[in-house]
1. Need a quick list: helices (runs of 4 or more DSSP H) entirely within the stretch 168-282 having at least 2 residues that are touching a residue at least 60 places away in the same chain (Cβ under 8 Å), aromatic (Phe, Trp, Tyr) and at negative phi.
2. Where the second residue is at pLDDT 90 or above and the first is under 23 Å from ARG316 (Cβ atoms) and lies in the stretch 121-141, which pairs have Cβ atoms under 6 Å and are six or more apart or on separate chains?
3. Given the criterion aliphatic (A, V, I, L, M), surrounded by fewer than 21 Cβ atoms within 10 Å (Cβ to Cβ) and either in contact with a strand residue (DSSP E or B) (Cβ under 6 Å, 6 or more places away or on another chain) or under 27 Å from TYR193 (Cβ atoms) (or both), identify the matching residue among LEU277, LEU295.
4. If you go through the stretch 158-167 one residue at a time, do you hit one that is in contact with a strand residue (DSSP E or B) (Cβ under 9 Å, 6 or more places away or on another chain) and in contact (Cβ under 8 Å) with a residue 60 or more places away in the chain?
5. Which numbered condition trips up PHE333, out of (1) crowded, with 23+ Cβ neighbours inside 10 Å; (2) aromatic (Phe, Trp, Tyr); (3) part of a helix (DSSP H, G or I)?
6. Kindly list the number of the only condition in (1) under 20 Å from ASP348 (Cα atoms); (2) within 18 Å of the chain's Cα centre (by Cα) that fails for HIS221.
7. Find the residue count for the stretch 179-203, including only residues that are buried (at least 17 other Cβ atoms within 10 Å of the Cβ) and either at pLDDT below 85 or among the aliphatic types (A, V, I, L, M) (or both).
8. Return the residue satisfying two criteria in turn: it lies in the stretch 298-330 and is open to solvent by 30 Å² or more (accessible area, probe 1.4 Å) and of a type in the set (Ser, Thr, Tyr), and of such residues it is farthest from VAL285 (Cα to Cα).
Amino acid sequence: LSGNARNCFLTGNPDSYRNITGKGLRCLLDVPQTSGQDVYRNAHHNSGRLCSQSSQPLGEKIPPFHISSAEQPPRHCPAWNIQINRSFHTSPSLQAAPVPLFWIIVKPAQKLLAIILGRSIRNWWKALPPNKRELFKESARKNKWKILLGVSSLGVVFVMFYFTHLEETPITGRARLLVFGKEHFRELAQMEYDMWMEQFKSQMLPETDARYRVVERVVGHLSESNKDIPQVAALEWVIHVVDEPGVNAFVLPNGQVFVFTGLLDAVSDIHQLSFILGHEIAHAVLEHAVKKASLVHFLDFLSLIFLTMIWAICPRDSLAVVGHWIQSKLQEFMFDRPYSRTLEAEADKVGLQFAAKACVDVRASSVFWQQMELAETIQGQPKLPEWLSTHPSHENRAEHLDRLIPEALKIRESCNCPSLSGPDPRLIFRLNMQHLLELSKGREAPNSTKQDPSKPKLDFPHT
């Protein structure tokens, strides 16, 4: 992209401020259509350890192009006039916690069996005469070491199972729990792909659409630049662009890429789009679907023991139902959602590395999440605590990326990418936000308290 089309400018002039909640802030995604000319140009092979090739940077020698169909005139992207959810869910719910089809059927039966067993133990204990209860307690006290040994043996079995099913995560090298075989997920990925295709069959953009070609070139450039990674080279990346206003994108474990046009409207430039798609590709390459399903299944199996105890100890069914609900919520907020946020942070890190190797301006990554935060503030959406979400908050995500950007810039430099030209997009965003806040403060001040023009204004608001 050229000149002033690289960043989303919050101009701060009176007209734009007056229309900020109506028409929305207008971000310049001026991408005129090209006739078969690639957005990205492949460059000579790089012998560097991190890079499979040296690529032209995004924005260098790339004619500006509009993300619009051939029949439509160029349009501005209403990045701030769209309905955005609490968090930018870049993975569909089915992909966030998939399980093999067999366990989908068996899991409710396991919980029902645990409830029946616990309730039967409770009824059996209630039916015992008082003298037999005392005899049972006395027997338990005499054999407490045997009981403790049995419980400890069961705990050792679970620990051994956990450590014998650990594998190394590709790229990051982190240990991960894998309970299911990957072949199960290939079948489920195909089933999920068929489901999405059936749902969006009337909304798929044709391959001739300029927006489709933009996504195709971005994904092609990312995969080509990272083909030295076996997991990236092994998958065939297939593009699907859905005409849907939601800000969403996801990649299935089999390499099927789904991008909503709402995301194309929300990004300010091709660099932000490249980072988002790099993030989604990282989910597939790191096999997060398998990791998530394995942890959920392992925790659910452990929870069956506590579920049986709850229904055995609680004197009434109503209390057992409440105890069951509390147990499920504790598991969700103490394990499931924190683990999902950890996977999102890992995908951000690896996706940023993918983008850096493709010579993307990685500094634009954190700007995207700042824009999302601003959009939610403008729309008046409530800010929920991060611990309630499966994704990190926009603010924390931007800060995390800012800490990763220096390392990503070193990776970019090692790939012989040309130097970044122009100002830092993060600085541009902050300056324009400052200008916007100054105008807001001036408009809200009462007319009776006008400042003396001879006195300089020293208190500058900050983002």
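1. Correct list: 182-199.
2. ILE121/ALA312; ARG122/ALA312
3. LEU295
4. Looking for residues that are in contact with a strand residue (DSSP E or B) (Cβ under 9 Å, 6 or more places away or on another chain) and in contact (Cβ under 8 Å) with a residue 60 or more places away in the chain, one finds at least one in the stretch 158-167, hence yes.
5. (1)
6. Among (1) under 20 Å from ASP348 (Cα atoms); (2) within 18 Å of the chain's Cα centre (by Cα), the lone unmet condition for HIS221 is (2).
7. 6
8. This residue is SER318.
The values are calculated or read from the model by the stated rules, or taken from the named source; none is laboratory data. All values reported here derive from a predicted model rather than from experimental measurement. We place every Cβ from the backbone using ideal geometry, glycine too, and count neighbours over all the protein chains shown. Calculation scope for accessible area: heavy atoms of the full protein, side chains included, ligands and nucleic acids excluded. Shrake-Rupley method; radii C 1.70, N 1.55, O 1.52, S 1.80 Å.
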